[in-house]
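Just passing along the structure, written as structure tokens.
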Amino acid sequence: MSIRESWIKELPSEIKFWEDWLGKRKSLAVAKYYHELINVDLIKKIITDIEEPVKILDVGPGVSSFLSYIDFGKKIELYSIDALADEYTKLCQNIDRIDIPIQCEAEYMDILWPDGFFDFIHIRNSLDHCFDPIMILQKALLLLKKTGTLYLGHVPNVKRCSGYTGLHFWDIDAIDGQLTIDGQPVGLDCEIKLLPRRNILVEFLLNK
């Protein structure tokens, strides 16, 4: 079985996760847990000098981009994609959402926008959920402007920590200051900066 076939097989587990998480919620604005995981101060600092509107892409946010509930003090054009967006729309029929993700596997995000379209791309707790993380990083860098920034924030070694179950296919971590996937350094032609460990996330900034 290929990685993509295994990935497809596990998609129902992710739908079930969000179904349980949504529960009886009528709005996502009270999702304080996700607000705490978003590095708001960092994003504000990155976009401070960017001309409005700031174009932001959130990759794999789940039922909605929680960036849409945060005031960044600037005019934002927020886009989001998720491989299960259509399924989440079914789950959220009675839930108010500011942001509704576009149905798209992240590996093919470049079919939706031209190169150099975004100022900031946000990938948090989703790179491990895909079937080709290197392809996603390459596509994200293509979609960034020359002065743009790609943010990664992930629970370190989540595949191992989750017992190799569900839609956790890759261990994202840092070894000797380098971004690694399943213990192997990621060879990308860009500047990769490891940020201080925050909460339970290992965070990186990637710049062209």
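What follows is calculated from the coordinates using simple rules that are stated; it is not laboratory data. Computed from a predicted model, the values in this text were never measured in an experiment. When we count neighbours, we look across all protein chains shown, and the Cβ atoms used for this are built from the backbone with ideal geometry, even at glycine.
Among the listed residues D20, D86, which satisfies the condition of being touching a strand residue (DSSP E or B) at 6+ places or on another chain (Cβ under 6 Å), assigned to a helix (DSSP H, G or I) and not hydrophobic (A, V, I, L, M, F, W, C)?
None of the other options fit; the residue is D86.
Scan the stretch 36-65 for residues that are part of a helix (DSSP H, G or I), of a type in the set (A, V, I, L, M, F, W, C) and either surrounded by 23 or more Cβ atoms within 10 Å (Cβ to Cβ) or in contact (Cβ under 8 Å) with a residue 40 or more places away in the chain (or both) and jot them down.
Kept after step one, since they are part of a helix (DSSP H, G or I), are these residues of the stretch 36-65: 36-37, 40-47.
Narrowing further to those that are of a type in the set (A, V, I, L, M, F, W, C): 37, 40, 42-43, 46-47.
L37, L42, I43, I46, I47, listed by residue number.
Further question on the same structure: Would you mind telling me which numbered condition in (1) among the aromatic types (F, W, Y); (2) over 26 Å from D49 (Cβ atoms); (3) assigned to a loop (DSSP other than H, G, I, E, B) W113 fails?
Condition (2) is where W113 drops out.
Could I ask something else about it? Taking the stretch 83-99, which residues are in contact (Cβ under 8 Å) with a residue 24 or more places away in the chain and either surrounded by 15 or more Cβ atoms within 10 Å (Cβ to Cβ) or touching a Cys at 6+ places or on another chain (Cβ under 6 Å) (or both)? Break it down into steps so the answer makes sense when it comes.
Here is the first cut: in the stretch 83-99, the ones in contact (Cβ under 8 Å) with a residue 24 or more places away in the chain are 83-84, 87-88, 91-92, 94-99.
A83, L84, E87, Y88, L91, C92, I95, R97, D99 - these are the residues of the stretch 83-99 that are in contact (Cβ under 8 Å) with a residue 24 or more places away in the chain and either surrounded by 15 or more Cβ atoms within 10 Å (Cβ to Cβ) or touching a Cys at 6+ places or on another chain (Cβ under 6 Å) (or both).
Filter the stretch 172-189 down to residues that are part of a strand (DSSP E or B) and of a type outside the set (A, V, I, L, M, F, W, C) and give me whichever is farthest from K159 (Cα to Cα).
Start the filter on the stretch 172-189 by keeping residues that are part of a strand (DSSP E or B), which leaves 172-175, 178-181, 184-185.
Now drop any that are not of a type outside the set (A, V, I, L, M, F, W, C), which leaves 173, 178, 180, 184-185.
Values: D173: 11, Q178: 18, T180: 13, Q184: 14, P185: 17 Å.
Within the stretch 172-189, the match that is farthest from K159 (Cα to Cα) is Q178.
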